[in-house]
Amino acid sequence: MTLQQYRIIFQTLAFRWFWLGFTISVLGDGLSRVALTWFVYEITGSARALGLLMLCYTGPIIIGGLMAGALLDRFEQRRVIQVDNLVRGLAMLLIPLLYFFNQLALWHIYAVAIVYGLLMMISLAGGPALVPSLVHTEQLATANALEMLSFTIGGVISPVIAGLLVGWIGAPTVVLLDALSYFFFAFCLTWVR
């Protein structure tokens, strides 16, 4: 890929909005995974509680993957991804809100992780399915490379940023940033046609 190809693809407004929202959302996902892992261990000191959190995050992915495919095939992909991000944003928002009002219990965190796991595959599968409708055929390789770059950035940078932010502003506030990233992606998708 050349810099010229990247410059040209970002001139496509729909793809630019999609990529920006997707990248911010992927970063937010990484932030909340680290923050919630840290938070659960901090409040429980229990490896068992941490293991249950991981099960809540990953177990529902199987069911969610089946559901995601059916939803993405049946309905407009952009709308499905948008609703997914709004629902996951609202779910994540519950954690800082309940924490602020001193009502947060461990089961709330597990419930949010289950919602995340159930819906995760919608954006994960929906993004690559949506991209071909946003760019010209000859731009697909560049678009796919940029989407992979988003995942790489999220996987490499998010844990570092999350570790710094958890120490600075606390895990519930970091989860708030993830909730905002979902809402931002949903907003970006309103500009995708």
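Structure data summary
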item: Test: residue in segment 91-101 that is surrounded by fewer than 14 Cβ atoms within 10 Å (Cβ to Cβ) and either outside any helix (DSSP H, G or I) or modelled with pLDDT under 95 (or both); result: yes
item: First in segment 165-193 and at positive phi, second anywhere and part of a helix (DSSP H, G or I) and open to solvent by 30 Å² or more (accessible area, probe 1.4 Å), Cβ under 9 Å, 6 or more apart; result: GLY170/TYR99
item: Where TYR57 falls short, out of the listed (1) within 19 Å of VAL174 (Cα to Cα); (2) outside any helix (DSSP H, G or I); (3) not aliphatic (A, V, I, L, M); result: (2)
item: Residue in segment 119-132 that is nearest to PHE15 (Cα to Cα), counting only those that are open to solvent by 40 Å² or more (accessible area, probe 1.4 Å) and touching a residue at least 40 places away in the same chain (Cβ under 8 Å); result: ALA129
item: Boolean, ALA68 is part of a helix (DSSP H, G or I), open to solvent by less than 50 Å² (accessible area, probe 1.4 Å), of a type in the set (Gly, Ala, Ser) and more than 30 Å from THR12 (Cβ to Cβ); result: no
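Conditions (1) of a type in the set (Phe, Trp, Tyr); (2) in contact (Cβ under 8 Å) with a residue 24 or more places away in the chain, marked per residue:
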site	(1), (2)
LEU71	no, yes
ARG74	no, no
ASP84	no, yes
VAL87	no, yes
LEU90	no, yes
TYR110	yes, yes
ALA113	no, yes
GLY117	no, yes
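The values are calculated or read from the model by the stated rules, or taken from the named source; none is laboratory data. Predicted model, so just to flag it, every value in this text is computed and none were measured. Positions of Cβ are generated from backbone atoms using ideal geometry, with glycine treated the same way; all protein chains shown enter the neighbour counts. Calculation scope for accessible area: heavy atoms of the full protein, side chains included, ligands and nucleic acids excluded. Shrake-Rupley method; radii C 1.70, N 1.55, O 1.52, S 1.80 Å.
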